[in-house]
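Here's the structure we're looking at; comments come further down.
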Amino acid sequence: MCVKKDELEVALEKASMAANKTVIITTINKAYVEPYRGEYPSMFDIFLEGFWVGEETRPLLRHLLVVSMDSASHERCQFRRLNCYRLVAEGGGDSFAGEKIYMSNEFIEMMWSRTYFLLDVLKRGYNFIFTIKFKLEHAIRFSI
């Protein structure tokens with residue numbers, strides 16, 4: 001019997017560390033991939049640069065799954081030939097595009113979508129290191 005895999009399962013398999021099914025996950029949207037005031041680099045460029053200049057971190061790029069919240073960021077991810085997955089808002093479209101005001105309805109909807117996505121990753125038997133953007137980058141490891 002052949003079971004068709006969905007896009008998320010394919011993306012997770014491609015990015016995971018075979019030995020322990022661990023992936024590094026980050027989320028991006030248009031605000032994160034576009035340069036501030038048109039100046040290079042974007043926040044996403046700076047994030048990726050850390051993998052290139054860090055000590056023995058370059059191989060970790062193979063295990064990075066970039067979850068794009070809108071079409072602009074997804075196109076940027078694909079252009080860089082990374083492991084990309086497009087998280088679509090309920091009802092479709094690009095409602096997660098651009099910056100969201102903290103604690104606005106749009107922000108809360110985006111955060112819940114991201115939380116449900118991460119729960120889905122765990123339910124599929126994967127572990128993850130998830131990068132979040134506050135004033136500082138933090139990495140948090142979750143597993144079931």
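With the contact rule set at Cα under 8 Å and sequence spacing of 6 or more, what percent relative contact order holds for region 1-78?
37 percent
From the P(r) of region 16-83, can you give the percent of Cα pairs sitting at distances over 20 Å?
The calculated P(r) of region 16-83 puts 30 percent of pairs beyond 20 Å.
A short reminder: the numbers here are calculations on the coordinates, not readings from a lab. These figures come from a predicted structure and were not determined experimentally.
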